[in-house]
Each structure stands twice: as C-alpha cells, then as structure tokens.
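The values are calculated or read from the model by the stated rules, or taken from the named source; none is laboratory data. Remember, predicted model here, so these are calculated numbers, not experimental data. Reconstructed Cβ throughout: ideal geometry from the backbone, glycine too, with neighbour counts over all protein chains shown.
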Amino acid sequence: MTKEEILSSTFDKVTERHNIINSLAETSFISEHNVLEVHCIDLIDKIEEANVTKLAKAFRMTRGAISKIAKRLIKAGAIEIYQKPENKKEIYYKLTELGRTIYLKHEELHKNRINRDSLLFSQLGEDEKDSLIKIFEKIDMNLKYELEKMGIKDNL
C-alpha cells in the first residue's frame, strides 16, 4: 500500500468510528424522536421564521418529507404552527416547551462530543495541532469541492 492509500484507509476508519460513537450517543439520547426530528427541532430554533421551504432547503429534502416530519412533531407537542397577521397564507414553525427541552438536550450532546474530542487534542503539542488544523482544512476544502461538483451547495 502507498502512503496515500494508508492515509485514506486510516481516515476512513477514523471517520467511521467517530460516526459510530456519535450515532450511539444520539441513539441513547433519542427515545421518542428520530434523528431527523431532532435535527428538525434544531433547525427550527436556528432558522429565522422557519417554514417548510426553508427546512426542505436546509435538509436537502422535499417539502413533502419535511411536512411529514413537522406533522409528527406537532402531534408530539414539540413544535407548533404560527402565522403572521399580514400573511395568513404562510405557515411557520416554532418550538414548544417540549421542543425547547429536546433542543437543549441536543445542544448538550454536541458540547459533550466536543469536550470528548478536545481531551484527545489537548494531549498534542502546538506544532501537531497546527499541522492537524492545516490537514483538516485541506480535507474540508476538498470535500466541499467534491460536493459542489455533485451539485450540492455546502452551507457549513
């Protein structure tokens, strides 16, 4: 194997293991709501005047799929609909108290993930950290370029 192949293989293993650990943490957190519903709650909090169109664009999903997720969240009491007095046609979503609780738990999960990873990185020397930052930035730019070639706009 060439060094490039070893690097690629190692990177794949690292990202897969990282995703498994993150997925397991989310699975233990998510009981009544699936990952899409929790991320929908997250986006409703973060997107100003969240509606089906904005959520569909953010998720890269159809409006119909987002409507189904929203209906489940409304039924569960996690989100509610509101309309502006000047525009009764457009429907917007906002979090309920339950939705806010789910959102905060999700945020805590992300913070725990960062803290877990920070413990590893804190053991590295400054030169190693600088090198890794440069490497991760190059990997990120390449992945962004690959997404753009596939017609996917990356807003991260």
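Flag not set for N142, criterion: in the same structural domain as I41 (by TED's automatic domain parsing), more than 30 Å from K75 (Cβ to Cβ) and free of Cβ contacts under 8 Å to residues at least 12 places away in the same chain. Only one residue in I102, I114, I74, I139 is modelled with pLDDT of 95 or more and in a helix (DSSP H, G or I). Which one? Going through I102, I114, I74, I139 in turn, just one is modelled with pLDDT of 95 or more and in a helix (DSSP H, G or I): I74. Of everything in region 1-46 that is in a loop (DSSP other than H, G, I, E, B) and under 22 Å from R72 (Cβ atoms), the residue that is modelled with the lowest pLDDT is S31. Just wondering, is there one or more residues in region 31-47 that are touching a helix residue (DSSP H, G or I) at 6+ places or on another chain (Cβ under 9 Å) and over 29 Å from I152 (Cβ atoms)? Scanning region 31-47, I find at least one residue that is touching a helix residue (DSSP H, G or I) at 6+ places or on another chain (Cβ under 9 Å) and over 29 Å from I152 (Cβ atoms), so the answer is yes. Any chance region 89-102 includes a residue that's surrounded by 13 or more Cβ atoms within 10 Å (Cβ to Cβ), closer than 26 Å to K153 by Cα and among the hydrophobic types (A, V, I, L, M, F, W, C)? Yes, because at least one residue in region 89-102 is surrounded by 13 or more Cβ atoms within 10 Å (Cβ to Cβ), closer than 26 Å to K153 by Cα and among the hydrophobic types (A, V, I, L, M, F, W, C).
Is it the case that region 9-28 has a residue that's touching a Leu at 6+ places or on another chain (Cβ under 8 Å) and in contact (Cβ under 8 Å) with a residue 24 or more places away in the chain? Looking for residues that are touching a Leu at 6+ places or on another chain (Cβ under 8 Å) and in contact (Cβ under 8 Å) with a residue 24 or more places away in the chain, one finds at least one in region 9-28, hence yes. Pairing each residue of region 52-79 that is surrounded by fewer than 13 Cβ atoms within 10 Å (Cβ to Cβ) with any residue that is part of a loop (DSSP other than H, G, I, E, B), provided the two are 6+ apart or on different chains, yields C-beta distances under 9 Å for R60/I152; R60/K153; G77/T96. When E49, E80 are screened for being in a loop (DSSP other than H, G, I, E, B) and of a type outside the set (S, T, Y), only E49 passes. Residues in region 117-136 that are farther than 23 Å from N22 by Cβ and either touching a Leu at 6+ places or on another chain (Cβ under 6 Å) or part of a helix (DSSP H, G or I) (or both): E126, D127, E128, D130, S131, K134.
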